[in-house]
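Notes to accompany the following structure.
The values are calculated or read from the model by the stated rules, or taken from the named source; none is laboratory data. Note that the structure is a prediction, hence the values are computed from the model and not measured. Cβ sites come from the backbone with ideal geometry, for glycine too, and all protein chains shown count toward neighbours. All accessible areas refer to the heavy atoms of the entire protein, side chains included, with ligands and DNA or RNA removed. Shrake-Rupley method; radii C 1.70, N 1.55, O 1.52, S 1.80 Å.
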Amino acid sequence: LYHDKWMLPIATDLYKYESAEVIQIDEQEYNTLKTALETEDEIVIEPETPVEEEPEYVDPNDVITVDYVKSVKIVEMSNTCNKVITNGFDVILSDGNSYHFSLTTQDQLNLITLSSMIASGETQIPYHADGELCRFYSAEDINTITTTATQFKTYQVSYFNALKAYIESMTDIETIGAVVYGMEIPAEHQSDVLKVLLAAIATGGETE
């Protein structure tokens, strides 16, 4: 006689019987036990052989390396540079007011056309600032707009190229990850062009 552990404590009489743990077994285990009982053979429980798990495959392309982080950061900075250029610039014209001009690819093509119109002798050129109606600009104002646009784009491209060189010189992943567009670039990684542009900004030049 025996009683299962879950039956405790139903009646004190149960304590005089040995307790057993009734567990569920599969068909193969049942047949093994049944055969052992019928043949009166000793039941030998073989220890479970630990199953060796296959090492997890790691794709070399998924391994984060310094070079990988550099490439990602450079693409990020390139996209930011393009966005900054596209967003455009502010410029003060002859009326003393500040105007904003975007620099999308189409805008840049438009400015080239305006420069051609001035070169051909036009003195009143139709154009418009962001959010404003089209109006006639003087040749002087168009020259101011195109010159500022050129300086603005030249600075951004020069800055990005120097920033890229600075990123490529880095060897620490955390340092690379902390790079942001607009941060100060050490002099040794600045091009001669960028140094001149930065000097112009420092002395109150128009390039930004």
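Mind checking which residues of the range 68-91 are open to solvent by 80 Å² or more (accessible area, probe 1.4 Å) and without any contact (Cβ under 8 Å) to a residue 12 or more places away in the chain? First the steps, then the outcome.
Residues of the range 68-91 that are open to solvent by 80 Å² or more (accessible area, probe 1.4 Å), as a first pass: 68, 75-76, 79, 82-83, 87, 90.
Scanning the range 68-91 gives Tyr68, Val75, Glu76, Asn79, Asn82, Lys83, Asp90.
Conditions first: (1) over 27 Å from the mean Cα position of the chain (by Cα); (2) surrounded by 14 or more Cβ atoms within 10 Å (Cβ to Cβ). Thr154 passes all but one, so which condition is the exception?
(1) is the only condition that Thr154 fails.
Collect the residues in the range 62-87 that are in contact with a Phe, Trp or Tyr (Cβ under 9 Å, 6 or more places away or on another chain) and modelled with pLDDT under 95, keeping them in residue-number order.
Selection gives nothing.
Looking at the range 119-134, which of its residues are touching a helix residue (DSSP H, G or I) at 6+ places or on another chain (Cβ under 8 Å) and either among the hydroxyl-bearing types (Ser, Thr, Tyr) or in a helix (DSSP H, G or I) (or both)?
Thr123, Tyr127
Please go through the range 113-138 and give me each residue that is within 20 Å of Phe89 (Cβ to Cβ), open to solvent by 50 Å² or more (accessible area, probe 1.4 Å) and of a type in the set (Val, Ile, Thr), ordered by number.
Scanning the range 113-138 gives a single hit, Thr113.
Out of (1) under 20 Å from the mean Cα position of the chain (by Cα); (2) open to solvent by less than 60 Å² (accessible area, probe 1.4 Å); (3) not polar (S, T, N, Q), the odd one out for Leu194 is which?
(1)
Quick check, is Leu163 modelled with pLDDT under 95 and open to solvent by less than 50 Å² (accessible area, probe 1.4 Å)? Step through it out loud before you land on a result.
Details: modelled with pLDDT under 95: no; open to solvent by less than 50 Å² (accessible area, probe 1.4 Å): yes.
Judged against the criteria, Leu163 is not a match.
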